[in-house]
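The values are calculated or read from the model by the stated rules, or taken from the named source; none is laboratory data. The shown structure was predicted, so the numbers you read here are calculated from the model rather than taken from an experiment. Here the Cβ positions follow ideal geometry from the backbone for every residue, glycine too, while neighbour counts run over all protein chains shown.
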Amino acid sequence: MKWSTQDVARYKEAASYVDTVIVPLMPVDFGEDMKSKAAMGEYVNLMTDELERQFHGRVLQLPPFTYMVTAEGEQAVLRLKQWHETAVEAGKQHVIYLTADSSWKKYEEELTGTLLWLPLLPVEDLDPKLKRKTISDQIEQILPIIMEEWKKSPQ
Amino acid sequence: MSEKNHNVSRRQFLTYTLTGVGGFMAAGMLMPMVRMAVDPVLDAAAEGDMNYLVEFDELGEEPIRRELTYEADDGWYESEQIETIYVYRDGDDVVALSAVCTHLGCTVSWEGSEDYPEMFYCPCHFGLYERDGTNVEGTPPTEPLHRYEYEIRDGAVYVGQSEPQ
């Protein structure tokens, strides 16, 4: 379910069925990497939308967690942990982060949720049909990881 | 000549003229505004269109997965909508089922679980449906998968809206 009035209303009715929160991680930077950071955000957004479509009834897709890459450093990790805490307090059992930014990899141990690092594919120049195909092929790879995660604590 | 001999006095003539001209001007300004406000409503009528799904020859007894992409116009906000559809042949009939689980809207998949062959399986809350879309008693869904109306034109299958079975 998406972070929209319509879906949140639906979520309220079915909260016990929705035990998973997905959060796209979105880097912001003004350096030379600006374009690649934008590409990461775009790609992760597309992937998160598709993931939400597949698992609509069991996941709540939060708005992107936005962070300043160079300025924030570890601060961003602490903030993300707060998101996790809030979700757990709300009774959510699985918190999944999607990112294309490999710098999160080094904090993976420290993070309390599940980090899914997606290697960035340059989809922005593809024609819409091929773009869709690429995204759904990638999603096929991720679905089993999440289904595996769910098996650990079945509803 | 006194004023009384005229059917229309000068004052009345001016009033009528100004009202008339003013009316046209107001209408000229208001029409585009009204038109713009009701535009999404007028456009929505076009939604009954049939969309190309698959060639008839490609279909067999086994449900195959297809994705339908179209631009949805929700008021002023346009977005790309994707619908996953399972389609197969049943004699001369074509069965096109929506892959949206009727429980909470996840995407189901044909033979999605090894434990349940020949069934549609929902990975979220383990809902099951028979081949024809009938929900299996005892699993979360309370109604069958929705079915699309379809027509065959020049050997290709076109689908319209999905309806509850």
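Just so you know, in region A:18-39 the residues that are surrounded by fewer than 18 Cβ atoms within 10 Å (Cβ to Cβ) and either part of a helix (DSSP H, G or I) or aliphatic (A, V, I, L, M) (or both) include one that is farthest from the other protein chains (Cβ to nearest Cβ), and it is A:M34. Among the candidates A:F55, A:F30, the residue that is at pLDDT 95 or above and out of contact with any strand residue (DSSP E or B) (no Cβ under 7 Å at 6 or more places or on another chain) is uniquely A:F55. List the number of the failed condition for B:E114; all other conditions in (1) within 14 Å of chain A (Cβ to nearest Cβ); (2) modelled with pLDDT under 90; (3) farther than 27 Å from A:D19 by Cβ hold. Tallying (1) within 14 Å of chain A (Cβ to nearest Cβ); (2) modelled with pLDDT under 90; (3) farther than 27 Å from A:D19 by Cβ, B:E114 fails exactly one: (3). Can B:A99 be described as under 29 Å from A:V18 (Cβ atoms) and either surrounded by fewer than 14 Cβ atoms within 10 Å (Cβ to Cβ) or in the same structural domain as B:A37 (by TED's automatic domain parsing) (or both)? Judged against the criteria, B:A99 is not a match. From the list B:Y52, B:Y77, B:Y88, B:Y70, exactly one residue is under 30 Å from B:S109 (Cβ atoms) and modelled with pLDDT of 95 or more. Which is it? Criteria check complete, one pass: B:Y88.
Looking only at residues in region A:62-98 that are basic (K, R) and in contact with a Ser or Thr (Cβ under 8 Å, 6 or more places away or on another chain), the one that is surrounded by the most Cβ atoms within 10 Å (Cβ to Cβ) is A:K92. The condition (being at negative phi, under 14 Å from the mean Cα position of the chain (by Cα) and at pLDDT 90 or above) is satisfied by just one residue among A:V77, A:V95: A:V95. Going by what's in this entry, would A:L121 be described as outside any helix (DSSP H, G or I), away from every other protein chain (no Cβ under 12 Å), surrounded by 17 or more Cβ atoms within 10 Å (Cβ to Cβ) and within 17 Å of the chain's Cα centre (by Cα)? Criteria met by A:L121.
This table checks each residue for (1) more than 14 Å from chain B (Cβ to nearest Cβ); (2) surrounded by 12 or more Cβ atoms within 10 Å (Cβ to Cβ).
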site	(1), (2)
A:A100	yes, yes
A:W117	yes, yes
A:L130	no, no
A:Q138	yes, yes
A:I142	no, yes
A:E148	no, no
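Annotation note: of A:E50, A:E42, the sole residue that is surrounded by 15 or more Cβ atoms within 10 Å (Cβ to Cβ), touching a residue at least 40 places away in the same chain (Cβ under 8 Å), assigned to a helix (DSSP H, G or I) and touching a helix residue (DSSP H, G or I) at 6+ places or on another chain (Cβ under 7 Å) is A:E50.
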